[in-house]
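Working notes, beginning with the structure itself.
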Amino acid sequence: MSTARRFLLDIPDQWQQVDLSGEELARTRAQVLASTDDPREKARINDMFRQGREVTRAARRHGALLAAGAATMYTEGLFMAYGMVFAVSTPEGEELTLPVLSARLGVSSATGTAPKDRVITSANVPHVGMVARVTGTEVTRLTGDIDVKILTMHTMMPVPGSTEDFLVVTLASPNLPLKNEVYDLFDAITSTFRFVTDDSVQVSTKGDGTGADVAA
């Protein structure tokens with residue numbers, strides 16, 4: 001049985017692979033701020049980019065294999081979202097339950113409690129099969145006294161040939177009023193995930209996708 005060595009994930013055209021150093025995010029923030037003279041809108045933009053900076057820092061601290069995101073100004077306002085893929089292994093002698101796994105991904109509740117709207121369910125990923133999924137509005141801490149809410153979706157992809165290793169596709173957005181639309185988008189992106197092996201031909205529905213080594 002072949003073991004997957006890489007994975008691919010299709011992201012929307014407007015999304016870019018995230019520079020985890022933060023330099024690209026700073027340039028994008030300056031461009032978006034230049035698009036408005038409204039002080040309240042500038043404050044909201046600064047707040048959302050501050051959230052984005054903390055999310056990318058969390059991704060870097062937790063060893064993300066892949067990070068991508070979007071910060072796009074539409075006539076209706078600013079839309080921001082982030083996507084990350086983490087490698088997670090079940091600790092020896094422990095059972096890695098979904099709530100515990102969710103809490104280990106760097107965007108867990110700042111209060112240490114599960115989100116009130118957390119839903120643990122299953123999803124059918126075409127190239128993977130039935131997998132576990134956790135959604136919820138999580139609270140993440142930006143500074144010592146400032147917490148913000150973000151919509152999150154974690155989808156657990158079992159690594160072929162292993163009973164202990166998972167790749168977790170995590171998507172997050174601070175655009176709370178667009179909850180239904182955001183989750184539909186996250187589901188569509190996650191549904192493109194697939195493992196690639198050395199002896200298989202990968203069929204993609206959108207280009208070659210964005211990917212990385214499973215054990216990077």
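The values are calculated or read from the model by the stated rules, or taken from the named source; none is laboratory data. What you see is a predicted model, and the numbers here were worked out from it, not measured in a lab. All accessible areas refer to the heavy atoms of the entire protein, side chains included, with ligands and DNA or RNA removed. Shrake-Rupley method; radii C 1.70, N 1.55, O 1.52, S 1.80 Å.
Miscellaneous remarks
- Arg27 assigned to a helix (DSSP H, G or I), open to solvent by 80 Å² or more (accessible area, probe 1.4 Å), of a type outside the set (A, V, I, L, M) and at pLDDT below 80: yes
- Considering (1) at pLDDT 90 or above; (2) more than 16 Å from Leu8 (Cα to Cα); (3) open to solvent by 20 Å² or more (accessible area, probe 1.4 Å), the lone condition that Thr152 does not fulfil carries the number (3).
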